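Chemist: Dropping a structure here in structure tokens format, bear with me for questions.
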Amino acid sequence: MEFLSNKFFLIAATFLFYLGAQFLQRRTGIKLLNPILLAIAAMICFLMLFDIDYKTYQAGGEYIDFWLKPAVVALGLPLYKQLSTIRKQLLPLLISELAGCVAGIVSVVVIAKLLGASHEVIMSLAPKAVTTPIAMEISSAVGGIPSLTAAVVVCTGIFGGMAGFKIIKISRIKSPIAQGLSIGTAAHAVGTSAAMERSERYGAFSSLGLTLNGLFTAMLSPFILHLIGVY
């Protein structure tokens with residue numbers, strides 16, 4: 001049974017669990033059966049069942065983590081196709097994105113502080129709305145716990161992917177540009193994946209929201225945290 005702890009077998013198992021969960025969601029049509037959530041749960045059960053520790057899994061998981069970064073860059077293709085629209089509305093898009101970045105950081109920090117969270121936890125929560133590799137780097141730079149940040153980012157993305165468009169519908173926001181930008185800003189790559197399923201236009205502006213929010217959060221989070229007195 002030693003092959004079960006082989007890093008390449010564990011990578012293959014991760015992808016198989018994800019593809020199986022994706023197939024299940026498509027067959028049932030139940031949004032709550034999020035492929036990422038189901039794949040994580042299945043992988044945890046698998047590791048516990050065969051007594052495989054996380055460090056052994058992470059030896060293979062590092063390869064997946066490495067390819068996350070170029071995968072984010074690949075989102076530039078749908079953006080290129082919407083370049084003419086982006087140019088025409090560049091200023092409103094930038095202002096909206098900046099507001100989303102500030103709101104995302106301030107809201108979670110204030111709520112965490114009011115609930116009595118420790119300084120380390122607050123710093124870990126601050127970059128929750130950006131994609132995992134960027135969020136972990138920001139968390140490390142401001143004194144947070146990168147592993148906690150990664151878990152929070154995944155939870156944020158899954159919630160945004162499942163409920164984001166429903167919340168937007170209640171808010172009566174009808175513009176595909178506004179909807180896509182909001183989802184990308186609040187729910188990063190997982191939300192963008194849900195946006196892509198709607199249409200390439202939604203996906204393109206969600207990609208823009210994801211990218212700009214990552215840049216703004218990386219550049220401005222220390223300043224914003226200092227401004228509200230937690231850094």
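Chemist: Only four residue types carry charge here, +1 at the Cβ of Lys and Arg and -1 at the Cβ of Asp and Glu. Report the dipole size of the chain about the Cα centre in Debye, rounded to the nearest 20. Please report the intermediate quantities before stating the final value.
Modeler: Details: 17 positive and 10 negative charges, 229 e Å.
Taking the Cα centre of the chain as origin, the dipole is about 1100 debye.
Chemist: Once you place label points 7 Å from the Cα toward the Cβ at Val102 and Thr56, how far apart are they in nm?
Modeler: A separation of 5.1 nm, rounded to one decimal place.
Chemist: Considering all projection directions equally, how large on average is the shadow of the alpha-carbon convex hull of segment 1-115, in square nanometres? Provide the component values of the computation, followed by the final result.
Modeler: Details: hull surface 45.7 nm².
That works out to 11.4 nm², a quarter of the Cα hull's surface.
Chemist: Could you work out the equivalent-ellipsoid semi-axes for the chain, taking the square root of 5 times each eigenvalue of the Cα gyration tensor, largest first, in whole Å? Intermediate results must be reported in sequence, preceding the final value.
Modeler: Details: eigenvalues 174, 110, 52 Å².
Taking √(5λ) for each Cα gyration eigenvalue gives 30, 23, 16 Å.
Chemist: If the chain between Ala141 and Ile228 were fully stretched, how many nm would it gain, using 0.36 nm times the residue separation less the Cα-Cα distance?
Modeler: Result for the pair: 29.6 nm of gain on full extension.
Chemist: Please turn the phi angles of segment 119-135 into ³J(HN,Hα) values with the Karplus equation 6.51 cos²θ - 1.76 cosθ + 1.60 (θ = phi - 60°), one per residue in order, whole Hz, x for glycine and proline.
Modeler: 4, 4, 5, 4, 5, 6, 7, 3, x, 4, 9, 10, 5, 3, x, 5, 4
Chemist: At 1.4 Å probe size, with the rest of the protein present, what percent of the exposed accessible area of segment 122-197 is carbon and sulfur atoms?
Modeler: Using a 1.4 Å probe with all protein chains present, segment 122-197 comes out at 67 percent carbon and sulfur.
Chemist: Let me ask something additional. Among Ser171, Leu33, Leu227, pick out the residue whose Cα is farthest towards the positive end of the charge dipole of the chain, where Lys and Arg carry +1 and Asp and Glu carry -1 on C-beta, about the Cα centre.
Modeler: Ser171
Chemist: Considering the chain as a Gaussian network with a 10 Å cut-off on Cα pairs, which listed residue, Gly160, Gly61, Gly116, attains the greatest mean-square fluctuation?
Modeler: Answer for the Gaussian network model of the chain: Gly116.
Chemist: Oh, and also: Run a plain Debye calculation on segment 32-72 (Cα atoms as equal point scatterers, no solvent) and give log10 I(q)/I(0) at q = 0.22 Å⁻¹, rounded to two decimals, same order as the q list.
Modeler: -0.84
Chemist: Related question: Charges on Cβ only, +1 for Lys and Arg, -1 for Asp and Glu, centred on the Cα centroid of the chain; of Met48, Ala21, Tyr80, which one is farthest towards the dipole's positive end?
Modeler: Final value for the positive-end residue is Tyr80.
Chemist: May I ask you to evaluate 6.51 cos²θ - 1.76 cosθ + 1.60, the Karplus curve with θ = phi - 60°, for each residue of segment 13-20 and list the ³J(HN,Hα) values in order in whole Hz, giving x for glycine and proline?
Modeler: Karplus values, whole Hz, x for Gly and Pro: 4, 4, 5, 5, 4, 5, 5, x.
Chemist: Would you kindly state how much longer the chain becomes between Val73 and Lys31 on full extension, computed as 0.36 nm times their sequence separation minus their alpha carbon distance, in nm to one decimal? Provide the component values of the computation, followed by the final result.
Modeler: Values: separation 42, 0.36 × 42 = 15.12 nm, distance 2.68 nm.
Length gained, Val73 through Lys31: 12.4 nm.
Chemist: Just need the relative contact order of the chain here, percent rounded to a whole number, with Cα pairs under 8 Å and 6+ apart.
Modeler: Values: 291 pairs, mean separation 41.9, N = 231.
That works out to 18 percent.
Chemist: Determine, from the Cβ-Cβ distance of Glu120 and Leu215 and an R0 of 25 Å, the FRET efficiency 1/(1 + (r/R0)^6), rounded to the nearest 0.05.
Modeler: Numbers: r = 25 Å, r/R0 = 1.00.
Here the calculated transfer efficiency is 0.50.
Chemist: In debye to the nearest 20, how big a dipole does segment 9-125 give about its Cα centre with +1 on each Lys and Arg Cβ and -1 on each Asp and Glu Cβ?
Modeler: 660 debye
Chemist: Further, regarding this structure: Quick one: pull the percent of accessible area on segment 29-68 belonging to carbon and sulfur, 1.4 Å probe, ligands and nucleic acids left out. It would help to have the intermediate numbers written out before the result.
Modeler: Values: 2060 of 2810 Å².
Summing carbon and sulfur atoms, their accessible area is 73 percent of the total for segment 29-68.
Chemist: How large is the accessible surface per residue of the chain, computed with a 1.4 Å probe and reported in Å² as a whole number? Working shown, then result.
Modeler: Working: 13100 Å² over 231 residues.
Roughly 57 Å² per residue, with all protein chains present.
The values are calculated or read from the model by the stated rules, or taken from the named source; none is laboratory data. Everything quoted here is computed from the prediction, not taken from an experiment. We place every Cβ from the backbone using ideal geometry, glycine too, and count neighbours over all the protein chains shown. Just the protein is used for accessible areas: all its heavy atoms, side chains included, with ligands, DNA and RNA removed. Shrake-Rupley method; radii C 1.70, N 1.55, O 1.52, S 1.80 Å.
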